[in-house]
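Have a look at the structure below before the remarks.
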Ligand SMILES: [Zn+2]
C-alpha cells in the first residue's frame with residue numbers, strides 16, 4: 001500500500017514539476033515566494049527550533065510577508081542542525097521512522113543528519129527526472145549510472161532501463177560495462193566520467209555512443225566538460241545539488257544553470273549578510289520549500305555563486321545561476337565585503353605559468369587580512385621581475401580594491417605540516433567561517 005501511495009506521489013510530482021517549467025518567470029517567482037512565506041510560517045508553528053530562534057531574535061512572524069521580509073531572519077548554520085537534530089529541528093507530529101533518513105557525506109569531513117517525508121522524497125525524485133528531460137532524456141532511453149550505491153528504479157517493460165556501474169571498480173572495468181550497456185545517457189561524478197573519457201580507446205568509443213552525459217556532485221571545470229564532450233561526441237550537462245536540499249540548479253540545453261525555484265529559494269549575500277547585485281559573487285543561502293518535516297531556512301550551505309536576471313534562450317522561467325565557484329572559506333574577502341573566488345587567482349597564475357614556462361617553480365598566495373595579500377614565489381630558471389609585474393597587474397584587476405600585495409621570494413614554500421598544501425589560501429575567509437559556525441556573525445578581524 002505504501003508503495004502505491006509513493007508511486008502516486010511521484011506521478012503527481014512529475015506532472016507538477018514538468019508543468020512548472022513552462023510557467024513564465026513572473027508567475028514562477030510569485031508562486032515560489034508564496035511557498036517561501038508559507039514554509040517559514042509553518043516552521044514557526046511546528047518546529048520548536050525555529051520558534052525559539054525567531055523569538056529570541058525578536059522576530060514578529062506576522063511581519064514576514066514577502067521575500068524582502070525574510071532578510072530579517074537569522075541564518076541557519078550546519079552546527080545548529082547538528083545540535084538540534086532530531087529533537088527540536090524536526091516538525092512536531094512527524095514520525096521519523098516513516099521518513100527518508102540520511103546524512104550528508106560532504107567534503108568538509110562532517111556528517112549532517114536530515115530527514116524528509118516520502119512525499120517530499122517523491123518531489124525530489126521528480127525534480128531529478130526533470131533535470132534529464134530538460135536536456136532531452138525520454139523514458140525509453142537507456143541510462144548508465146556510475147555511483148557507489150545502487151539506485152533501485154523499477155523497470156517498466158522498455159521504459160526506465162538503468163544499468164548501475166560501481167564507482168569503486170577500476171576504470172577499465174567501468175569502460176567494459178559501458179560497452180555492454182550501450183547507454184543513451186551516462187550519469188556520474190565529473191571526475192569519474194573525466195577519467196573514463198581519458199582512458200577510453202577509439203574501439204571503446206565505437207560501442208559507447210551516448211546522446212548526452214549528465215555529471216553531478218562535484219565542481220567541474222568547463223575544460224573538463226569540454227574534454228568529456230569532445231571524446232564522447234555529445235553534450236555534457238552539469239547540475240548543482242546537495243543531499244540535504246536536493247536539486248538547486250541544473251543546466252538546460254543551452255548550458256545555462258536554471259535555479260529550481262519550485263524546490264528551493266536561493267539568496268546570494270556578501271560577507272556581511274547583505275544581498276548582492278546580479279552578477280556579483282555571493283554566498284549561497286538556501287531555503288527548502290518542499291520539506292515541511294525538516295525545513296532548512298536561510299541555510300548557509302557554504303558555496304559561492306552569482307545569479308543573473310537575464311532570460312535564457314530555452315525560454316524556461318526559472319532564473320539563472322551564472323556560476324558557482326567553490327567553497328566560501330576558500331575565497332578572498334575584499335575590504336568592501338565582496339567575495340573573489342580563489343579559482344580566479346589560481347587560473348591567473350596558471351595562465352602565466354603556461355605563458356612563461358620557467359618563470360616560477362612554486363607559489364603560494366595568502367590573504368592575511370582583508371587589505372593585505374602576500375605572494376610567496378620560488379624563482380624558476382627564467383625568472384623575470386617584469387613578467388611578475390605583469391601577473392600582479394592582472395591580479396590587481398581582479399581584486400580591484402585598495403589593498404596591499406607583497407611579493408616574497410623564498411627558497412621553498414613551507415606547508416606548515418599540513419598534508420594538502422593549498423596554493424591559494426585566505427586566512428580571512430577561514431576565520432569568518434569558524435566564527436559563523438559558532439553562531440556569531442561578526443568577523444574576527446574586525447573585533
Ligand atoms: Zn535555459
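What follows draws every value from the coordinates through simple rules; no lab data is involved. Since we're looking at a predicted model, the values are computed, not measured. Every residue, glycine as well, gets a Cβ built from its backbone with ideal geometry; the counts of neighbours run over all protein chains shown.
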> In whole Å, what are the Cα extents of region 248-290 along the three principal axes, biggest one first?
Replying inline: 35, 26, 11
> Where q = 0.13, 0.14, 0.22 Å⁻¹, what log10 of I(q)/I(0) comes from the Debye formula for region 169-291, counting one point per Cα?
Replying inline: -0.62, -0.69, -1.22
>> Could you tell me the calculated FRET efficiency between residue 374 and residue 55, based on Cβ-Cβ distance and R0 = 51 angstrom, to the nearest 0.05?
In response: 0.65
> For region 1-51, rounded, prolate or oblate, judged on the Cα gyration tensor with a ≥ b ≥ c (square roots of eigenvalues), a/c < 1.5 rounded, else prolate if a/b > b/c?
Replying inline: oblate
>> How far apart, in nanometres, would the label points at residue 159 and residue 384 be if each is projected 7 angstrom from Cα along the Cα-to-Cβ direction?
In response: 6.5 nm
> With r defined as the distance between the Cβ atoms of residue 8 and residue 202 and R0 fixed at 45 Å, what FRET efficiency is calculated, to the nearest 0.05?
Replying inline: 0.40
> What relative contact order, as a whole-number percentage, does the chain give when Cα pairs under 8 Å and 6 or more residues apart are counted?
Replying inline: 12 percent
> Counting alpha carbon pairs within less than 8 Å and at least 6 residues apart, what relative contact order, in whole percent, applies to region 123-240?
Replying inline: 23 percent
> Which distance in nm do the two modelled labels at residue 272 and residue 255 give, with both placed 7 Å along the Cα-to-Cβ direction?
Replying inline: 3.7 nm
> Stretched out fully, how many nm does the piece from residue 22 to residue 400 gain, at 0.36 nm a residue minus the Cα gap?
Replying inline: 132.0 nm
> Where the centre of each part is set by its Cα atoms, how far does region 27-73 sit from region 222-281, in angstrom?
Replying inline: 25 Å
> Ranked from highest to lowest mean number of other Cβ atoms within 10 Å per residue, what is the order of the peptides 74-81, 269-276, 297-304, 203-210?
Replying inline: 297-304, 74-81, 269-276, 203-210
> Going by how many other Cβ atoms sit within 10 Å of their own, how do 17, 129 line up, fewest first?
Replying inline: 129, 17
> With the Cα gyration tensor of the chain giving a ≥ b ≥ c as the square roots of its eigenvalues, does the rule (a/c under 1.5 for rounded; else a/b larger than b/c for prolate; else oblate) give rounded, prolate or oblate?
Replying inline: oblate
> Expressed in nm to one decimal, what extension gain is obtained for the pair residue 182 and residue 100 from 0.36 nm per residue of sequence separation less their Cα-Cα distance?
Replying inline: 26.3 nm
>> With the cut-off at 1.5 for a/c, could you classify region 277-355 from its C-alpha gyration tensor as rounded, prolate or oblate?
In response: oblate
> R0 = 25 Å: FRET efficiency of residue 209 with residue 243, Cβ-based, nearest 0.05?
Replying inline: 0.20
